[in-house]
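Visitor: Dropping a structure here in structure tokens format, bear with me for questions.
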Amino acid sequence: MAQAYDAVIIGGGHNGLVCACYLAAAGLKVRVLERRPIVGGAAVTEEFFPGFRNSTASYTVSLLHPAVISDLRLREHGLRILERPLSNFLPLPDDRYLKIGNTVEATQRELAKFSERDAAALPRYYAMLEGVADLVRELALQTPVNVGGGLRDALAALAAGNRMRRLDMEARRDVLDLFAKSAGQLLDAWFESDALKAAFGFDAVVGNFASPYAPGSAYVLLHHVIGEVNGRKGVWGHAVGGMGAITQTMAAEARARGVEITTEAEVSSIEVSGGRARAALLADGARIAARCVVSNLNPRLLYLKLIEERELAPEFLTRMRAYQCGSATLRINVALSGLPDFSALPGTQACEHHQSGIIMAPSLAYMEQAYFDARTLGWSRQPVVEMLMPSTVDETLAPRGQHVASLFCQHFNPVLPEDLSWDDAKERAVDACIDVVNRYAPNFKASILGRKAWTPLDLERDFGLMGGDIFHGALTLDQIYSARPLLGYANYRGPLERLYMCGAGTHPGGGVSGLPGRNAAREIIRDYRAGKLGKG
């Protein structure tokens, strides 16, 4: 019997919407099911205090791929992304500060205050990073080599090997450094300034429950610098209207292509028979049948919650239970009566440092201690905090003269000791983060009108981010490229026939890039055109 839909997508986050758009453009009839009342997943803009709106979970733009922006006509639907005037601002406890500019020369001038040697080394470091980033950008657009696959995967492996052979020996060594070393080891070899190493090393602990000296953390650093804004590589920006503006324009394009989007549609399970995914079963009893089922969920949520154990091989289930999730992230939105007045750079009129990413973590050692605290005590007593204030460039988010701030904080262990619950510890943890900001901007706490926070448990309950993991799985060497989410299932196809994955738990991983959805759609369309999805 012919199905009503060619594809049903579980999860209306950004990758699900991207996948739906590409499938619909290829002529497939697509339905998207979203549990929450609005689409967008973790990339949404919501009112969190009367009159104040802000991005909820994800909070800044860089990784969104230009091909996705162009193909989905996001600008035509109204998307605007404003480049930050600075990449980052790092205030220090001794009232010095470091600005990481959007040009090498600007950063060199700032860095010379700390180290002439580091200022001289900076262009070579950027060139090294950019050389490897170009390789990663190329790989991000491709389906990974699927170990154990057929001829196509063997040819893909050969092509990947040829790409590496085109690199000279120095570039190959750079690739190895950035994939295998710790961020701390890498940065210590390049620079002497604690401030600069902290500013760069922050990228290695964003959403990564690890010390900056953990092997493989250099890759997490690299993952955060491969993006671009408005054609400028490595730059970060603010989406006007918040991150929800991105997913709302994606939803507009999906609907224009004929995609049916249903909100408040919680999927309770996936119907499987004969080793084949047949339908999505909703909590209200509805059955949505389709030629294929596409999951935009964390792989652990998909395979351990929505599919009966008997349908999956025991070895696969064992591996999936061991799939590492847990960003150790606490997200806070704050409504402010005015801008923070930083001791290092006084003033409450909006300046370029207010419009950048503000990193409050003065050294790699500080970041490491935050991690150690979380491992032993449950959360950092002196957390790593990044603050953005998008209302300095986007007047739609707060009443005139007032502001919103996003606080992205590390490290907060998803599993607390001694049976303590995040529902019990939440306010103490939030206070610890507020105290960090107040040490650098003493007027901050007094200017708070309201706040809303999401612990790792809240992120799991509200957005399906298992363990609060913003990346749908750690970006460790055993969980990237051909091993994401598991070796043998890197090509966006699961162990069940006609079951696909399009979320951040697939290559190239987390962040609002749209590439997992784009790549997955390409594989689904290939199977559809080859007749592998059949009619029943």
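Visitor: What figure, in Å² to the nearest 10, do you get for the accessible area of Lys113 with a 1.4 Å probe and non-protein molecules left out?
Guide: Counting only protein heavy atoms, the figure is 110 Å².
Visitor: Probe radius 1.4 Å, ligands and nucleic acids left out: which of His403, His411, His77 has the largest accessible area, and how do the rest follow?
Guide: In descending accessible area the options line up as His77, His403, His411.
Visitor: Another question about this same structure. Whenever you get a sec, line up Arg493, Arg400, Arg166 from highest to lowest accessible area (probe 1.4 Å, protein heavy atoms).
Guide: So the residues, ranked largest to smallest area, are Arg400, Arg166, Arg493.
Visitor: Using the Cα atoms as the points, what is the convex hull volume per residue of the chain in Å³?
Guide: It comes to 141 Å³ per residue, whole-number rounded.
Visitor: Ignoring any ligand, DNA or RNA, what whole percent of the accessible area of segment 100-189 comes from carbon and sulfur when the probe is 1.4 angstrom?
Guide: With neighbouring chains kept in place, the figure for segment 100-189 is 59 percent.
Visitor: Amide H to amide H under 5 Å from Val44: which residues, 5+ apart in sequence or cross-chain, H placed 1.01 Å off N in plane?
Guide: Here Thr56, Ala57, Ser58, Gly244 satisfy the definition.
Visitor: Can you give me the distance in nm between label points at Leu377 and Asp168, each placed 7 Å from the Cα along the Cα-to-Cβ direction?
Guide: 4.9
Visitor: Excluding ligands, DNA and RNA, what is the solvent-accessible area per residue of segment 384-490 at a probe of 1.4 Å, expressed in Å²?
Guide: Computed with neighbouring chains in place, this is 38 Å² per residue.
Visitor: May I have the count of lysine pairs in the chain with C-alpha atoms under 22 Å apart, counting pairs 8 or more residues apart or located on different chains?
Guide: The result is 10.
Visitor: Is segment 305-410 best put as rounded, prolate or oblate by its Cα gyration tensor, with a ≥ b ≥ c the root eigenvalues, rounded for a/c under 1.5, and otherwise prolate when a/b is larger than b/c, oblate when not?
Guide: Here segment 305-410 falls in the oblate category.
Visitor: Once both axes come from the Cα atoms, what is the angle between helix 364-377 and the longest principal axis of the chain, in degrees from 0 to 90, rounded to 10?
Guide: The helix 364-377 is inclined about 60 degrees to the chain.
Visitor: Would you mind working out the magnitude of the charge dipole of the chain relative to its Cα centre, with +1 at each Lys and Arg C-beta and -1 at each Asp and Glu C-beta, to the nearest 20 Debye?
Guide: Roughly 1680 debye, rounded to the nearest 20.
Visitor: Please list 3J(HN,Hα) in residue order for segment 328-333, calculated via the Karplus relation 6.51 cos²θ - 1.76 cosθ + 1.60 where θ = phi - 60°; whole Hz, with x for glycine and proline.
Guide: In residue order, the calculated couplings are 6, 10, 10, 10, 10, 10 Hz.
Visitor: Now for a different question. Suppose we keep just the DSSP beta bridges with both residues in the chain; what percent of those would be antiparallel, to 5?
Guide: 70
Visitor: At a probe size of 1.4 Å, how large is the accessible area of Thr45, to the nearest 10 Å²?
Guide: 30
Visitor: How much accessible area does Arg163 have with a 1.4 Å probe, in Å² rounded to the nearest 10?
Guide: Looks like 40 Å² after rounding.
Visitor: List the residues, sorted by chain then number, that are 5 or more residues from Gly13 or on another chain and whose placed amide H is less than 5 Å from its amide H.
Guide: Gly40, Gly41
Visitor: Sequence-distant or interchain residues sharing an amide H contact under 5 Å with Asn443, placed H: which?
Guide: Amide H to amide H, under 5 Å and 5 or more residues apart or across chains, Asn443 pairs with Asp341.
Visitor: Can you tally the net charge around Ser343? Count Lys and Arg as +1, Asp and Glu as -1, for every other residue whose Cβ sits under 15 Å from the Cβ of Ser343.
Guide: Within the 15 Å Cβ shell, the charges total -1.
Visitor: With θ set to phi - 60° and the Karplus curve 6.51 cos²θ - 1.76 cosθ + 1.60, what are the ³J(HN,Hα) couplings of segment 201-218 in order, to the nearest whole Hz, using x for Gly and Pro?
Guide: The phi angles translate into x, 4, 4, 7, 10, 5, x, 10, 7, 6, 6, x, 9, 6, x, x, 5, 5 Hz.
Visitor: Over segment 387-494, with every protein chain in place, what whole percent of the accessible area is carbon and sulfur at 1.4 Å, could you tell me?
Guide: 50
Visitor: Using a 1.4 angstrom probe on the protein heavy atoms only, line up Arg518, Arg310 by accessible area, largest first.
Guide: The ordering from most to least exposed comes out as Arg310, Arg518.
Visitor: Based on the Cβ-Cβ distance of Glu418 and Ser268, what FRET efficiency does E = 1/(1 + (r/R0)^6) give at R0 = 30 Å, to the nearest 0.05?
Guide: That pair, Glu418 with Ser268, gives E of 0.35.
The values are calculated or read from the model by the stated rules, or taken from the named source; none is laboratory data. Since this is a predicted model, take the numbers as computed values, not measurements. Here Cβ is always computed from backbone atoms with ideal geometry, including for glycine, and neighbour counts include all displayed protein chains. The accessibility values were calculated without ligands, DNA or RNA, using every heavy atom of the protein model including side chains. Shrake-Rupley method; radii C 1.70, N 1.55, O 1.52, S 1.80 Å.
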